[in-house]
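The values are calculated or read from the model by the stated rules, or taken from the named source; none is laboratory data. Note that the coordinates shown come from a computational prediction; the quantities given were computed from them, not determined experimentally. Here the Cβ positions follow ideal geometry from the backbone for every residue, glycine too, while neighbour counts run over all protein chains shown.
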Amino acid sequence: MDFQGNNLSGFFETNGHLVLQRVHNNHKLRSFTEKEIEHITDSYSTPLGNGSFGDVYKGTLDGQRPVAVKRYKNGANKEEFAKEVIVHSQINHKNVVRLLGFCTEENALMIVMEFICNGNLYNILHCSNASGPAPFPLDKRLDIAIQSAEALSCMHSMYSPVLHGDIKPANILLDENYLPKISDFGIARLLSTDEAQHTKNVIGCIGYVDPLFCQSGILTPKSDVYSFGVVLMEMITRKKAAGGNTNLTQCFTEALGRGKKLRQLFDVEIANDKKNMRLLEDIAKLAAKCLRMDNKMRPEMVEVADRLRMIRKALPQRKSESTTGSNARVPISGYEKNVPHPNNTLPAHVNASNKILTTVVPLPTIWMDELSDIPRNASSEVSPTVVPLPTISMDEVREITQNFSNDAFIGEGGYGRVFFAVLKDGQQCALKKLNPSNRIHFEVKVPSVLRLKHENVVQLLGYCVEGKDRVLAYEYASRGSLHNILHGKKGVKGAQTGAVLSWEQRIKIALSAAEGLEFLHEKAEPPVIHSRICSSNIFLFDDDVAKIGDAGFSKRSLTYREKLAFDSPYAAIHSAYDAPEYVLTKESGTKSDVYSFGIVLLELLTGREAVNTTRLSGQQKDLAAWASVRLHQDKVEECMDQRLEGNCNPKAVAKLARIMRDCWDYDPNNRPNMSTVVKALRPLLELTSCGDAPPVRG
C-alpha cells in the first residue's frame, strides 16, 4: 500500500528523530506489511547477500519491477533502522540506489530498494572468471569514478548534508548500463549544519575508513573524501585495499612521498598504453590529496569530480567507441549470466531509454554537392562521422505520422514542423521534419546532439534521410513544454492535463533544468551555448524531471555552416529572454543563457508569461521589468503566482528571488555560472515544506 505516514508516524516518533516531517513529505515511499514482503520476495527464495545487519533478497514489486529487500536481523536497533530510512529517503540522485519503501512490523524491519543487476565495483575489479579478470578500460573506470564523485558531492552539498561513512567498491553498484549507484546507508549520517558529526561507535571497513575518524570519532565530509581516495587508488591499481599481506594505501603514499614512479603499481591493462601514463599519474596525485592526514588539506568532493572530468576529457577516445555497439553484457555479475562482449570491452553506446544501441550506420555525406558555395576551409571543419544511431525509413515516418496529418501535428519552430509518433519499438517520440531551407541544420545538429548525453537534455533517438527529406526523432515529453504547463496551454497531442504546479514541483523543475544547462556549459566538450533558453524549450517528463530541448550548437566558435544554420526567422526574433549584450551585439555566451534562465525562474515564481500584454499592469509588457520594480522594493509577495495560495516557504521564495536577480544582472561578469546556480537551487528542495513559518500571501 502507498505510504500514508500515519502508521509510521508513531514508530518514528517513538524513536525520536528530528527529521520526521521530511519523511512524511516523501509521498513516493511505500509502507509494506510483512505478508506483502513475503509475496514480493516469493517467501525469500532468492538471496542476494548477507552481512552483520541481516540478509538481502531479490523480489518483484507489483508483478514487474525487480527490487532488493534488505531484511534486518531480529533484535535490530530500531533507532539505527529509522536513521537509515530517513537518511536514504532524503537523497534523490541518478547515481544513488533508490529507496522505494519499508516494513516496520515487529521483528520484521525491512527496506525495499531498486534492484541493481550487475553486481558492484568490487566484483569487476577483483573477481575473475575462467579466462581471467573482466576487461575494464580506463575510460569506463573514469566514468564510474566521475559519477560516483558527483553523487557524493550532491550528498555533501544538500541543505542537511549526508555523510555516507562507508564508501568502498562493494557499495558502488553497477546497473545494466554499468552506471554506478551508491548503496548501503546503514551508517550514514544526516547533518543539520556543516559541522562535524560525533559518534560513540566507530563503524567502517578496514582499509577504507578515515584514520582521523577512528581516532576522534568525528565524521565529516572529508571522511568520505578519504574513503573515495582509497577507491580511486584501487581502481587504477586493481589491487585490494584491504585483506592482503600489504597495506596498499601505505605502499601508494610512500611511493609518492619518495618520488618513486608509480607505474609498477598501476594495473597493467591500462598502464601498457603509454598515452594513459600521464593521466594515471594525475589520478594517482588526486587520490593522494584525498588521503592526506590533514583533512583540511583534502579537496571537497565537488573538486574531486571536477578534476576527474578534466582527466576524462584529456583521455583519447577508444576506437571501439566510435565503431561498434552491442546488446551483450560483460560477465561481471553473480546475479545474471551475461554474454561476453565481442570486443572484450564494456558496452559503450546506450540510448536515452537505457537500451544498448545495435544499429550502427554512417551519417550521410549530404552537403558537399549541395553547398558548393561554402568556402573549402569552412567545409573541412565538419567531417562525415560514424553515428551509433538507428535510421528510420520515410515510409515508416509517413505511417506513424499518418502522412504528417494534422492529428499528429504538435507545433512548428524555426527549423520545421513537429509531429507526435510512436516508433515500431513502442517508444513515443517527437518527429521534427526539417524545412528544405534548413537541411543544413541536420548536418550540424546530429553530431552535436549525439554527444550531449545527459539526463536533463532531450535525447535524439533516430533520424531519416531520404532524397531531400530530413527528419529527426527526439524522445517525447508527454507533459509538454514548461510554457504550456505553466500557462495552461494543453495543445500538445498526448499531453497530460494536470493541476497547477506546486511550489515543490517548480523547484524540482528549476533544479533539473539548471543541471541540464550546467552540463551544456561546463561538462560538454566543447561547451555548448544554447542561446534559446526559454520555457518553450524546457520539457517536462515523469517525476517533474525537466530537460533542455533544442540543444546542440556550440557558438563559441561558429563555423560557416553553423552561421547559415542560425540564419533563421526564429534566431532573428528578439524576446524577453534575450540578455542585454545579445540585444546590442547579437553575440551570445554562457552568461547570456544564465540571463535567459533567470527569466524562466521568474516565470516559475509568478506563473506569468515572459511577455504578456493582457495580464501585466500599466505599460510594462516585459515580465522582468514588471517584477524588478517590486523585487527592488522587497515586495516579492506581489510577484508570487496567486494560484499557489501562499503554499510555499518564505525563506525559499526569498532565496529564489535573489538567485533570479543575480541571473538578470545587467553586467554579464556579475552573473553566476550555472554550477553556482545549481548549488544555490539545491537547498531549496529542503525548504519546500512551510513548517511553522507563515505562508507567503500575495
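Miscellaneous remarks
- For region 633-662, filtering for residues that are in contact with a helix residue (DSSP H, G or I) (Cβ under 8 Å, 6 or more places away or on another chain), over 20 Å from Ser596 (Cα atoms) and outside any helix (DSSP H, G or I) leaves 3.
- Of everything in region 90-122 that is under 15 Å from Leu179 (Cβ atoms) and touching a Gly at 6+ places or on another chain (Cβ under 9 Å), the residue that is surrounded by the most Cβ atoms within 10 Å (Cβ to Cβ) is Phe115.
- Among the residues of region 501-528, those that are out of contact with any Leu (no Cβ under 8 Å at 6 or more places or on another chain) and modelled with pLDDT of 85 or more comprise Gln505, Ser512, Glu515, Gly516, Leu517, Glu518, His521, Glu522, Lys523.
- Matching residues in region 43-83 - criterion: being more than 15 Å from Ser183 (Cα to Cα), hydrophobic (A, V, I, L, M, F, W, C) and not in a helix (DSSP H, G or I): Leu61, Ala76
- Residue within region 505-518 that is under 21 Å from Tyr476 (Cβ atoms), of a type in the set (S, T, N, Q) and surrounded by 22 or more Cβ atoms within 10 Å (Cβ to Cβ) present: yes
- Among the conditions (1) of a type in the set (S, T, N, Q); (2) closer than 20 Å to Ile533 by Cβ; (3) modelled with pLDDT of 85 or more, the only one that Asn647 does not satisfy is (2).
- Against the conditions (1) surrounded by fewer than 17 Cβ atoms within 10 Å (Cβ to Cβ); (2) modelled with pLDDT of 85 or more; (3) closer than 30 Å to Glu522 by Cα, Pro447 satisfies every one except (2).
- Within region 172-268, helices (runs of 4 or more DSSP H) holding 3 or more residues that are among the β-branched types (Val, Ile, Thr), within 27 Å of the chain's Cα centre (by Cα) and modelled with pLDDT of 75 or more: 221-237
- Which numbered condition Phe136 fails, given (1) more than 18 Å from the chain's Cα centre (by Cα); (2) modelled with pLDDT of 90 or more; (3) not in a loop (DSSP other than H, G, I, E, B): (3)
- Contacts under 7 angstrom Cβ, first residue in region 290-319 being under 25 Å from Pro161 (Cβ atoms), partner part of a helix (DSSP H, G or I) and of a type in the set (Lys, Arg), 6 or more apart: Asn295/Lys222; Arg298/Lys222; Arg298/Lys289; Pro299/Lys289; Arg309/Lys523
- Scan of region 67-89 for residues that are out of contact with any strand residue (DSSP E or B) (no Cβ under 6 Å at 6 or more places or on another chain) and either surrounded by fewer than 16 Cβ atoms within 10 Å (Cβ to Cβ) or of a type outside the set (Val, Ile, Thr) (or both), ordered by number: Asn74, Gly75, Asn77, Lys78, Glu79, Glu80, Ala82, Lys83, Glu84
- Per-region count, region 269-305, residues in a helix (DSSP H, G or I) and under 18 Å from Ala241 (Cα atoms): 9
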